[in-house]
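The values are calculated or read from the model by the stated rules, or taken from the named source; none is laboratory data. These numbers come from a predicted model, not from an experiment. In this analysis, Cβ positions are derived from the backbone assuming ideal geometry, glycine residues included, and neighbour counts consider all displayed protein chains. Ligands, DNA and RNA are stripped out before the accessible areas are found, and what is left, the full protein with its side chains, is counted by its heavy atoms. Shrake-Rupley method; radii C 1.70, N 1.55, O 1.52, S 1.80 Å.
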Amino acid sequence: MSDTAPRNPVSAPQMLADALLRSVAGTTALLRVTGTNAENNQSEVGLVATTFSEAVISPVAMRKLRPTWQEIGKPKWELLVSATAVQQQLNAPDLRSAQSLFAMTLAITVAGQDYLIESIAASEAFGQVYLYRLLLREARQQAV
């Protein structure tokens, strides 16, 4: 018996990653992203206020990494992000890739806690990204 389903075999790793993230108590992450201003002299000088938007990404899974001897006292986290959820957020006209989305991200909020991105890695299969791994650190609250 052969499989004659009309699905794309290349998207199988993406579907598998999404199912895995949902099954391990996947949650939602909120990306605080800077907006782009019009290209003029006022925006370059800072006379036009920067706009911010929020992008909701789901499913994601988060885990705390073990500290190494060099990083004692500085907890780091790993956020596993669905590539299909990131792709849905790229519909904005100024975003060309996931790297541009993550470059414009100021902070990521998961379960009410803010985190900053330290590094990004992408996992690929059949030439397509199916999962992003973000290395995060906790954002420190600064006194006003």
Inset, instruction - Return yes when Gly46 is at pLDDT below 80 and surrounded by 12 or more Cβ atoms within 10 Å (Cβ to Cβ) and no when it is not. - result: no
Inset, instruction - For segment 10-31, indicate whether the set of residues that are surrounded by fewer than 16 Cβ atoms within 10 Å (Cβ to Cβ), of a type outside the set (A, V, I, L, M) and at pLDDT below 65 is non-empty. - result: no
Legend entry - Answer residue from segment 103-144, given it is open to solvent by 70 Å² or more (accessible area, probe 1.4 Å), of a type outside the set (D, E, K, R) and in a strand (DSSP E or B) and is nearest to Ser82 (Cα to Cα) among those: Gln128
Inset, instruction - Filter segment 118-139 down to residues that are modelled with pLDDT of 90 or more and touching a Ser or Thr at 6+ places or on another chain (Cβ under 8 Å), then give me how many there are. - result: 5
Inset, instruction - Give me a count of the residues in segment 56-75 that are open to solvent by less than 60 Å² (accessible area, probe 1.4 Å), at pLDDT below 85 and not acidic (Asp, Glu). - result: 2
